[in-house]
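Right, one structure below, let's go through it.
Just so you know, all these numbers are worked out from the coordinates, no wet-lab data involved. Just so it is clear, the structure is predicted and the values come from calculations on it, not from any experiment. Glycine also receives a Cβ, built like all others from the backbone with ideal geometry; neighbour counts cover every protein chain displayed.
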Amino acid sequence: MTGPEPETKMQFLFALRSRGVTDKRVLQAMEEIDRGVFVRGIFANRSYEDMPLPIACGQTISQPSVVGLMTQALQLSPRDKVLEVGTGSGYQAAILSRLVRRVYTVDRHARLVLEASEAFATLNLTNITAMTADGSFGLPEQAPFDRIIVTAAAEDPPGPLLAQLKIDGIMVVPVGQSDAVQTLIRVHRTEAGYDYEEIRPVRFVPLLEGLGKDG
Ligand code: SAH
């Protein structure tokens, strides 16, 4: 694994900082994880640009600055158990895995879960469990979670995910219609209920029901 040129990486980190990713631990994780491992095929040489890129099954790997901002918004602690809905390439899960104890990530496409698992093995990231499932139901057998991150847009935060959040837990989720600008929301579960906070406009692929055609 060679990874990018030092100058390419410097520019990458500069772009992240200039777009508001300021958390030192998040920047360090993004410096350590080679995004090139998660981008296959003809776009591999563009993996250090701050852009979303196409991956298999018609999906996208998120823009790095959005990954950074979402990770930062989760306010992670090293002991956290985190659920990600929408494994995609596995890049977001890999960043999370450097910052918390355990990451569970689910995607409705079996092929993406397989390819992401290969990337985790390549990078020797052993605290991630990737599974094929409809993540709108969460992962009841591992609930509750300290943190939940949804990387596909829902019309509203799915009820089962809200229910699987610990008291004092945080969920970050893009909400809105799939073909319009969506809003990234942070949900904080308290003893009394749920507090909602808008973070910024974003654009994600939609959260869909059921499993993908490949499994
Ligand atoms: N986090 C990813 C990007 C995710 S793209 C990365 O770092 O690369 C959104 C992903 O959400 C797609 O892979 C899509 O298959 C998945 N998805 C959409 N609806 C889903 C659902 N109900 N359950 C699980 N995954 C879903």
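Can you give the convex hull volume per residue for the Cα atoms of the range 38-103, as a whole number of Å³?
Here the figure is 79 Å³ per residue.
Per residue Cα convex hull volume for the range 68-176, in cubic angstrom?
Measuring per residue, one finds 91 Å³ for the Cα hull of the range 68-176.
What number, in percent, do you get for the relative contact order of the chain if the mean sequence gap of Cα pairs under 8 Å and at least 6 apart is divided by its residue count?
16
Specify the angular offset, from 0 to 90 degrees and rounded to the nearest 10, of the alpha carbon long axis of helix 110-122 from the longest principal axis of the alpha carbons in the chain.
On a 0 to 90 degree scale, this one is about 60.
May I ask for the longest run of the chain untouched by GluC sites (Glu not before Pro) that are loop-located per DSSP and have at most 11 neighbouring C-beta atoms (other than their own) within 10 Å?
1-190
At 7 Å along the Cα-to-beta-carbon direction for both Glu7 and Thr122, put a label point, then send me their distance in nm to one decimal.
With each label placed 7 Å out from Cα toward Cβ, I get 2.5 nm.
Which value at 222 nm does the chain reach when only helices count, each DSSP H run of 4 or more adding -39,500 (n - 2.57), with the total divided by all residues and rounded to the nearest 500 deg cm²/dmol?
Per the formula, -7500 deg cm²/dmol.
Where the eigenvalues come from the Cα gyration tensor of the range 125-194, what are the semi-axes √(5λ) of the equivalent ellipsoid, largest first, in whole Å?
20, 17, 11
Say R0 is 22 Å: what FRET efficiency, to the nearest 0.05, do His188 and Arg25 get from their beta-carbon distance?
0.65
What spacing in nm lies between the two simple spin-label points modelled at Arg79 and Glu32, each 7 Å away from Cα in the Cβ direction?
Between Arg79 and Glu32, the label points sit 2.0 nm apart.
Subtracting the Cα-Cα distance from 0.36 nm times the residue separation, let me have the gained length for Leu211 to Ala163 in nm, one decimal.
15.1 nm
Relative to the longest principal axis of the C-alpha atoms of the chain, give the angle of the C-alpha long axis of helix 64-73, reported between 0 and 90° and rounded to the nearest 10°.
Around 40 degrees separate the two axes.
For Arg17 and Arg101, what does the FRET efficiency come to when R0 = 30 Å and r is the distance between their Cβ atoms, rounded to the nearest 0.05?
0.65
At 0.36 nm per residue, and after removing the present C-alpha to C-alpha distance, how many nm does the segment from Asp179 to Ala56 gain when stretched out fully?
Between Asp179 and Ala56, full extension yields an extra 42.3 nm.
Which translational diffusion coefficient, to the nearest whole µm²/s, is obtained for the chain from the Stokes-Einstein equation, given a Kirkwood hydrodynamic radius over C-alpha pairs, 25 °C and 0.890 mPa s?
143
Among Val103, Val202, Val21, which one shows the highest mean-square fluctuation when the chain is modelled as a Gaussian network with alpha-carbon springs under 10 Å?
Answer for the Gaussian network model of the chain: Val202.
For the range 6-202, give me the percentage of DSSP beta bridges that are antiparallel, rounded to the nearest 5 percent.
So the antiparallel bridges amount to about 45 percent of the total.
Highest GNM mean-square fluctuation, the chain, Cα pairs closer than 10 Å: which of Lys24, Lys166, Lys81?
Comparing Lys24, Lys166, Lys81 in a Gaussian network model of the chain, the most mobile one is Lys24.
Run the numbers for Glu197 and Leu114: contour at 0.36 nm per residue of separation, minus the present Cα-Cα distance, in nm.
Answer, rounded to one decimal: 26.5 nm.
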